[in-house]
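Input: a single structure, listed below in structure tokens.
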Amino acid sequence: MNQIKKIRLLSEKTDVGLLVSGSAASKNLLFTGDELEALPGSVKQLFSVYDDHEQKESRHIEEGTGIPMSDLLEQAGADEADEVKIRSVDGFESVVSELHSRRYYFPGLMEGDETGREVREPLVSFYKNGKKAKFYPHPTIMFGQQGLEDKNKDFFAKGARYLQAGNRDRAFWVKGDRLACSRYFGVDQIFALNEEGEDAVPLLEITAVEGDSGGCLTPETAAAAAEERYVAPGVRLGPYFWEEELGISPLPETGFFVVSGSGDETPLDPKAENYLFFTGKDLKTVGFFDGEQIVEDFAGVRAGEIRPADRPKEIRVPSEKTEGDFYIRVIQNEKETACYYYNLEELQREYADLLTEEDYLYYNHNMNQGKGGMRRVTGRGFPVTGLLNLLPEIPNPEFIESGALLFQIFTNDAYKEKLAADGNELGVYRFILAYEQDQRTETGMEKGDTSAWADEELCFAPIHGNTPFRIYCGKSSANPAVYKNVEGMKVILL
């Protein structure tokens, strides 16, 4: 059992080109942009691409140049994974399931002809039609079609930075009454916490020695043990982490503690030079380093006092039994144990105490005649966590915050059915079931806008679509910041 004896901060920095992680991977892989394109096995392939988003149908052929995604998954020991989640540099997210099912290139896509089809594996592509891909050196991940009518453009991820196979690798948590809600961070999230960003990640030289199984090194045994030095990426937890990500401002100097896996606590100064680092070469777990103390079995940070879990519990369920405008299905042990149906009228009448307004700002690449732009939406509706906390199956808010459930949102048009996430995202990103909205676009009025960008007053209008609801959340890209035509959600209790 190797134990870390010393950590030294190097002057060099690195960038996160692509991180392959997840519970299906036996080891995580981190590539810089240069390392990615230098990988052997590059191929050039044609893809048939069908897009039918926002009632703008297009069918065309694209050429990609790069490496098969299966090469990366095999290298990570995740070749059996049946689903991957991709997150891009602009916040776009895509979930692709049934990886082992056949996907094809259809040369006759534009004519509706499936003859001459060729099998296509997902491709990590650095070039599109001979030119550098958008967000180069971050690749575009391209997928074939399962059939002529498969809208595969929905899954293309431009500027891919994170590729997750299976569930998220948990890294650490932050809990306490100085937070609006407890936070749980995955390995795939920690580089975004770095003070200098994902393109200037610090490097740490780690000196490890062979210790006993009890994890204790005396000065004598440490001096005699064989040393191993290696360089690992780190994350500096600076003002951005504490004030922007956690929302603790002004930032006090006391009341913070580093918590180990065994529950031991040591004081933490949030204004000091604090770093996270990977404790092993498999990049699966992280430790904590503040220039002096090294905590290898790092569990998390206590920020203030831990809230009691046995807070009063109110149960409130809708009266409808068979149908409604929005449903919540509860899954336990792979079986549906309850389904709750909500009508808009009943929500406005019986859940008025939950009614709130939330402001969201996100990037939409379809606006401004395809050039992209920023959209601001103020949604009026009901917090998803508020509705869940009133169900008898949810014991307390910490149950959701801790990620003890997964959720999946369903839309009437089936566009985003495959997007799924940990339950703790519901509070962190302020998911709201909105029935009215004020919508405005920075680059000029767009379809559906109710106000101009500079208007001081909010102009709310009812949600128009196949259903009376949209779900908004505080993510930075339209996919997945907004779910149109929402009809329900599935909650899976772990």
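The values are calculated or read from the model by the stated rules, or taken from the named source; none is laboratory data. As the structure is a computational prediction, the values presented were derived from the model and not from experiment. Note that each Cβ is placed from the backbone with ideal geometry, even for glycine, and that neighbours are counted across all protein chains shown. These accessible areas exclude ligands, DNA and RNA; they are computed on the full protein's heavy atoms, side chains included. Shrake-Rupley method; radii C 1.70, N 1.55, O 1.52, S 1.80 Å.
Things worth noting here:
- Screening the stretch 103-113 for residues that are of a type outside the set (A, V, I, L, M, F, W, C) and surrounded by 13 or more Cβ atoms within 10 Å (Cβ to Cβ) and picking the one that is nearest to residue 81 (Cα to Cα) gives 103.
- Within the set 12, 35, 57, the sole residue that is open to solvent by 70 Å² or more (accessible area, probe 1.4 Å) and closer than 30 Å to residue 478 by Cβ turns out to be 57.
Residue-wise test of (1) surrounded by 17 or more Cβ atoms within 10 Å (Cβ to Cβ); (2) in contact with a Pro (Cβ under 8 Å, 6 or more places away or on another chain); (3) at positive phi; (4) aliphatic (A, V, I, L, M).
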residue: 339; (1), (2), (3), (4): no, no, no, no
residue: 359; (1), (2), (3), (4): no, no, no, no
residue: 364; (1), (2), (3), (4): yes, no, no, no
residue: 367; (1), (2), (3), (4): yes, no, no, yes
residue: 371; (1), (2), (3), (4): no, no, no, no
residue: 375; (1), (2), (3), (4): yes, no, no, no
residue: 378; (1), (2), (3), (4): yes, no, no, no
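- Which listed residue is closer than 25 Å to residue 137 by Cα, open to solvent by 50 Å² or more (accessible area, probe 1.4 Å), touching a strand residue (DSSP E or B) at 6+ places or on another chain (Cβ under 6 Å) and not aliphatic (A, V, I, L, M), from 121, 93: 121
- Within the stretch 259-282, being touching a Leu at 6+ places or on another chain (Cβ under 9 Å), open to solvent by less than 20 Å² (accessible area, probe 1.4 Å) and assigned to a loop (DSSP other than H, G, I, E, B) holds for one residue alone: 270.
- Hey, residue 436 touching a strand residue (DSSP E or B) at 6+ places or on another chain (Cβ under 8 Å), under 20 Å from residue 317 (Cα atoms), surrounded by fewer than 20 Cβ atoms within 10 Å (Cβ to Cβ) and charged (D, E, K, R) or not: no
- Considering 147, 176, the condition of being surrounded by fewer than 22 Cβ atoms within 10 Å (Cβ to Cβ), within 30 Å of residue 404 (Cα to Cα) and not aliphatic (A, V, I, L, M) is satisfied by 176 alone.
- Scope the stretch 23-52; condition under 22 Å from the mean Cα position of the chain (by Cα), outside any helix (DSSP H, G or I) and touching a residue at least 40 places away in the same chain (Cβ under 8 Å); matching residues: 23, 24, 25, 26, 27, 28, 29, 30
- Candidate set from the stretch 150-173 (those that are under 26 Å from residue 80 (Cβ atoms), out of contact with any Lys or Arg (no Cβ under 6 Å at 6 or more places or on another chain) and among the aromatic types (Phe, Trp, Tyr)); member that is surrounded by the most Cβ atoms within 10 Å (Cβ to Cβ): 156
- For the stretch 449-465, the set of residues classified as open to solvent by 20 Å² or more (accessible area, probe 1.4 Å) and over 30 Å from residue 389 (Cβ atoms) consists of 449, 450, 452, 453, 454, 455, 456, 457, 459, listed by residue number.
- Residue that is over 21 Å from residue 340 (Cα atoms) and open to solvent by less than 10 Å² (accessible area, probe 1.4 Å), where the choices are 446, 425: 425
- Look at the stretch 114-133: where a residue is without any contact (Cβ under 8 Å) to a residue 12 or more places away in the chain and a partner is buried (at least 18 other Cβ atoms within 10 Å of the Cβ) and assigned to a loop (DSSP other than H, G, I, E, B), sitting 6+ places away or on another chain with Cβ atoms under 8 Å, you get 116/106.
- Test: residue 198 is open to solvent by 10 Å² or more (accessible area, probe 1.4 Å), among the acidic types (Asp, Glu) and either under 20 Å from residue 20 (Cβ atoms) or part of a loop (DSSP other than H, G, I, E, B) (or both): yes
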